[in-house]
Every structure is written in C-alpha cells, then in structure tokens.
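**Q** I'd like to ask you about the structure that follows.
The values are calculated or read from the model by the stated rules, or taken from the named source; none is laboratory data. Quick caveat, the model's predicted, so the values are computed rather than measured. Here the Cβ positions follow ideal geometry from the backbone for every residue, glycine too, while neighbour counts run over all protein chains shown.
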Amino acid sequence: MTTHLVLFRDDLRVYDHEALHAAVAAARQTGGRVYAAYVLDEESEEVRPLGRAVKWWLHHSLTSHSQALKELGINLVILRGKTLDTVPALASHIGATHLHYSRRYALPERTVDTALKDWAHAHTIEAHSYTGFLLHEPWVVKPASGDFYKVFTPFWKALSAQDFPAPLPAPHPLGEEHLAASVLPESVASNLPGLTTIDGLTLLPTRPDWTVGLKERWTPGETSALKTCRTFVESTVHRYDEGRDRPSQKATSNLSPHLRFGEISPRYVLHALHTAQEPTANTASFASEIGWREFCWHLTFHNPNLHNTEFRSEWQSFPWLTGNQAPQELTAWQKGLTGVPLVDAGMRELWETGHMHNRVRMVVASYLTKNLLINWREGERWFWDTLVDADTASNPCNWQWVAGCGADAAPYFRIFNPLLQGKKFDASALYIKRWVPELVGADARTLHTEHPKGFGFSAPDYPVPLVDLKASRQEALDIYKTSRRDVLSKS
C-alpha cells in the first residue's frame, strides 16, 4: 500500500493545492493512505524566525486548515524543529512511500527542501515538488539578456504573456474511515521528535495579550480568504484604481495576509477576478499588484540576502543612522508619536491591526529613511514583527524601493511629503482622526500644514514634530549627493 505524506508550510489551503491534489488522487487510485504535516522550522540554518503578528495569524490559520483537512478525511500532524530532523522521522514511522510539497523560493528554505529531497531519494521515497504560492516559478520568466529582471514593467509584461491555468478544485474527501486510519498510533506519537499541537507551538501572546485589535480586524483561514476574494472581485474592484490610494476608503482587497500564508493562491485570485469582471483599468491595476508581489519573489530568488543587503551596491556605504544612534526618534516613529499626523496614523493602525494601508506604508517608510535618515533595516525589522502579511520577499523589497536602494527603486530625490500626501489622499483627515484621536478637534486643513511647535490648543496632547520636514529633506539630499560623489570617486 502506498503512503503519501503532504507537507504544508506557507500554503495552508485545500483549493488549488497541487501537492495535496496529487497525493489524494494517487492514494485514491492505488488504495493508499494520505498523511499531512505542518512543520514550524525556525531552527534550520539561516531561516528567519517569524514575527509576532505573523505567529498570531499562523495559529488561527492552522486551526482552520486542520479542520478543512479533517473534512477531507486527513489528519494534520503538527511538528516543530528542523525539517531534516522531524520530517524523516515522521516519514519513517508511517512508512511513507511518497513525499509531496509545494516549492519555496527563499534560499534557506530551498536549501532545506533540496536536502530533504536528497534524503527521500536515498531512502527510496518518491519526492515530488509542485508550484507553490506564485503564478510562475522565478526561473521561468527570464529577460532576453541578463540573468533576471531588475525592472518591474518588463517583468510584468513578460509574466502576463504566460498562460495561467484554471485553479484546481479541492480534492474529493477520502472519508471518515481514512480519517480514523490516518491517526498516528500512540506508540508512534510518543517517539516522534518534534511532535506537538497547534497550542503547543505557543504562537499566541499571553502576557500581555496585545492582539485584541487583530482579532477585531481579521479572520484568518482559507474560508475567510475565499470569501474576501469573492467580495472584492464582485463588489469592490470597480473602485480600486481610484480608491486604492485613499486610506479612509474600503477599496483594497485585504488579501495580502491570506496570500502570505497561502490560504489562497494568486492563480485563484486572478481567475476569480477575470471570471467576475470584464477587463478594465481597475482590474488591470489590481492584477499588477499581484504582479508586484511576484516581482518581489523574483528578486528574492535571485538575491537571497535582500533583508540585510542593499540591492544597489553603491548604497552599501550610505551613512544611515542606526537605532542606537537615534533611539528616541526610532521609538517615536514606532509608537506613532512623530508629530506628523499621517505618519502617526499609519504607525498606530499598524500596531492596532497588524496592517497598514499601502499608500501610508510608503509615507511612513520615506519619513523614517529620508527625513530621520534612519536605516531602512530598522523599519523592515519593525514591519517584520508587526505586520500580519510580512513575508521574506515583499517586506525587504518594498522597504528598499522606498529607501532608494532597491531594484526599480524610487529615485532618491522622490521624498514623500507626508503633509502633501495627507492633503491629497486624506483631505478630510478621516483616516488621521480615526487613528490619532488627539487630533479629532483639529481642522482638517490644519492637519495638512506643518506646525513646528505643535497644534496648540486644538491638540495639546499631540507631540511637537521631531524634525522640520523641509530642512530634513534638504539634509537627506545633501548627504546623498556627498555619498554618491564618494562612491563615484572610488570606482
């Protein structure tokens, strides 16, 4: 009898899951058995430990996914530890003949999966990897010259020209008899390294529990992902192109954390979009955002150290300030106490909900790196810990884009003025007043004007600005010009 083991990592779904679909189909054909396992591996070399907000989401996503698999007649085994310690032990104990998993694209995870496949082959286990959480593999879309795309527009043009097959349905259930038969025997469970439970992963904070706002804002899991997608493509996308930049409007998809955990695939999202809507500027604009996510993974696949190293080498000597050099400024930024209304609104939304509107993300990142001159890595690490959608590719790529040191980056002289951004995209200050209650009594026009000494009687509890926006902008430009001259003189 064949025994198929399906590994889950960042692909917690049953719809459009090639590995799961293949395992169930093969087991049904041969009368075999299917086991499923989730491995929380933060111990393998160079694997980056998860941030706290991501862990909160993961706990609830695993709970949802475990139930979805049970409805298919499959138990989800929970493991913690090095993949090369835990998975071979489980495979050996259950007598696995086949191993199925979705491919991953960051170098540490790829290294782990390559070693796992080698182990499987050495032990006469058939190992099969499948398309993971991208539309196409990073090595498939290549420029005519050069090793990989470094600019988004030609990348997206090339990717859009590829075929996008329809998403797979969920597998047909294997039944209650299979569910009972696939429970690990007590003799196996007691000797299995790394075996635990979802609660045993200790992903949730307890003292204190700071996740109240996350619970109010989000419902993790595939069911919620599919519902969110359906609502967006049927009822919201028609106002996406104009409304996506306005943080007080409900015009975005809210799919980013669901995509981050693979609760829904990008193939499923685009298929749903194009099934529900005729092509318009709105659908094209949204599809390109899915494309940007792909671009970030494309860059990360070819540049594995993006969360530590500037993509553009000439920036590696730029004199950023560290958190130790500007501790008060960094803390004020993290807490939303900079004295700049739109920046503070965004940072408080982040802390409360684990999310921030994308337009505001660019504004707060520009303020940290170009007005405060604090290293983009400090911001990237903060987002990594506080965003529910933080992943290995998008988080560092987006930070480097804003800071000016990344691929296809905004020119350094493009410095987001948070006051002008607020005036343009939050004219009535609805978003600002939602997240900064100290400013509720202030006139909206006042909030889009710089007040070096604070807002006085209209907002006496609101802090004085950390820096003068105009002066700090000029200082950043001067430092950039000096740094650039130094680099050119040494080259």
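**Q** Restricting attention to the stretch 280-318, and to residues there that are at pLDDT 95 or above and more than 26 Å from Arg260 (Cβ to Cβ), which single residue is surrounded by the fewest Cβ atoms within 10 Å (Cβ to Cβ)?
**A** Ala281
**Q** Residue check, Trp210 against (1) modelled with pLDDT of 95 or more; (2) within 17 Å of Glu349 (Cα to Cα); (3) not in a helix (DSSP H, G or I), all met but one. Which one?
**A** Unmet condition: (1).
**Q** Continuing with the same structure: So, Asp245, is that one in a loop (DSSP other than H, G, I, E, B) and of a type in the set (Asp, Glu) or not?
**A** So Asp245 fits the description; yes.
**Q** When the stretch 1-41 is examined, which residues are found to be under 18 Å from Ala89 (Cβ atoms) and among the acidic types (Asp, Glu)?
**A** Matches in the stretch 1-41: Asp41 only.
**Q** If you check Ser102 against the conditions, is it out of contact with any helix residue (DSSP H, G or I) (no Cβ under 9 Å at 6 or more places or on another chain) and under 17 Å from Val34 (Cβ atoms)?
**A** No: the conditions fail for Ser102.
**Q** Something else now. Output the residues belonging to the stretch 1-26 that are over 22 Å from the mean Cα position of the chain (by Cα) and surrounded by fewer than 22 Cβ atoms within 10 Å (Cβ to Cβ).
**A** Met1, Thr2, Thr3, His21, Ala22, Ala25, Ala26, listed by residue number.
**Q** Can I ask one more? Go through (1) crowded, with 16+ Cβ neighbours inside 10 Å; (2) within 28 Å of Tyr268 (Cα to Cα); (3) touching a residue at least 40 places away in the same chain (Cβ under 8 Å) and name the single condition Ala127 misses.
**A** For Ala127, the failing item is (3).
**Q** Shifting gears a bit: Which of the residues that make up the stretch 211-243 are among the charged types (D, E, K, R) and surrounded by fewer than 21 Cβ atoms within 10 Å (Cβ to Cβ)?
**A** Of everything in the stretch 211-243, those that are among the charged types (D, E, K, R) and surrounded by fewer than 21 Cβ atoms within 10 Å (Cβ to Cβ) turn out to be Lys215, Glu216, Arg217, Lys227, Arg230, Glu234, Arg239, Asp241, Glu242.
**Q** Right, here's the next one. Look through Leu321, Leu350 and report the one residue that is buried (at least 23 other Cβ atoms within 10 Å of the Cβ) and outside the structural domain of Arg110 (by TED's automatic domain parsing).
**A** After ruling out the rest, the residue left standing is Leu350.
**Q** Looking at the structure I just gave you, is Gly422 part of a helix (DSSP H, G or I) and surrounded by 21 or more Cβ atoms within 10 Å (Cβ to Cβ)?
**A** Yes: the conditions hold for Gly422.
**Q** Take Ala332 and decide whether it is in contact with a Cys (Cβ under 8 Å, 6 or more places away or on another chain) and aliphatic (A, V, I, L, M).
**A** No: the conditions fail for Ala332.
**Q** Now, a different point. Within the stretch 173-198, restricting attention to residues that are within 30 Å of the chain's Cα centre (by Cα) and surrounded by 12 or more Cβ atoms within 10 Å (Cβ to Cβ), which residue is farthest from Leu58 (Cα to Cα)?
**A** So, considering only residues that are within 30 Å of the chain's Cα centre (by Cα) and surrounded by 12 or more Cβ atoms within 10 Å (Cβ to Cβ), the one farthest from Leu58 (Cα to Cα) is Pro193.
**Q** When you check Ala170 against the structure, is it of a type in the set (A, V, I, L, M, F, W, C), under 20 Å from Val14 (Cβ atoms) and either in the same structural domain as Gly95 (by TED's automatic domain parsing) or part of a helix (DSSP H, G or I) (or both), yes or no?
**A** The answer is no for Ala170.
**Q** Take the stretch 324-333 and flag every residue that is surrounded by fewer than 19 Cβ atoms within 10 Å (Cβ to Cβ) and under 19 Å from Tyr462 (Cβ atoms).
**A** Gln328, Thr331
**Q** Could you check the stretch 399-415 and list, in sequence order, the residues that are in contact (Cβ under 8 Å) with a residue 12 or more places away in the chain and buried (at least 21 other Cβ atoms within 10 Å of the Cβ)?
**A** Trp399, Gln400, Val402, Ala403, Gly404, Cys405, Gly406, Ala407, Ile415
**Q** Let me ask another. Within the stretch 399-429, how many residues are at pLDDT 95 or above and more than 23 Å from Leu387 (Cβ to Cβ)?
**A** 8
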